[in-house]
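The values are calculated or read from the model by the stated rules, or taken from the named source; none is laboratory data. Because the structure is a prediction, the values reported are computed rather than measured. Here the Cβ positions follow ideal geometry from the backbone for every residue, glycine too, while neighbour counts run over all protein chains shown. Areas reflect the complete protein model, heavy atoms only, side chains present, ligands, DNA and RNA absent. Shrake-Rupley method; radii C 1.70, N 1.55, O 1.52, S 1.80 Å.
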Amino acid sequence: MSVSDKRGLPEFARALRALNVDIISTGGTASALREAGIDVTNVSDVTGFPEILDGRVKTLIRKCTERCSQFRNPEHDRQVRDLCIDPSTWSS
């Protein structure tokens, strides 16, 4: 689960947990859930892939990654290359 508007999030997550649903979540959402005392697993622990590009990419799906990377951003360029993603193969 990943939400930008976290209003009502704890109540929703508690309802899911009451149904024995395991929650896998992204960084900010996972933090909010933990602060509310809700058990959550980071998506990066499941995928083995870290959040990159200022949090816009939570797990690697190539098409999503290429759309989220901000060209001419040296930090994004470093993150993409460190993960052995070849931007030269991306469509324009």
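Some points to look at:
- Count - residues of segment 1-59 that are open to solvent by less than 80 Å² (accessible area, probe 1.4 Å), within 30 Å of GLU75 (Cβ to Cβ), in contact (Cβ under 8 Å) with a residue 12 or more places away in the chain and in a helix (DSSP H, G or I): 10
- Which listed residue, of ASP82, ASP86, is at pLDDT 75 or above, out of contact with any Asp or Glu (no Cβ under 7 Å at 6 or more places or on another chain) and open to solvent by 30 Å² or more (accessible area, probe 1.4 Å): ASP82
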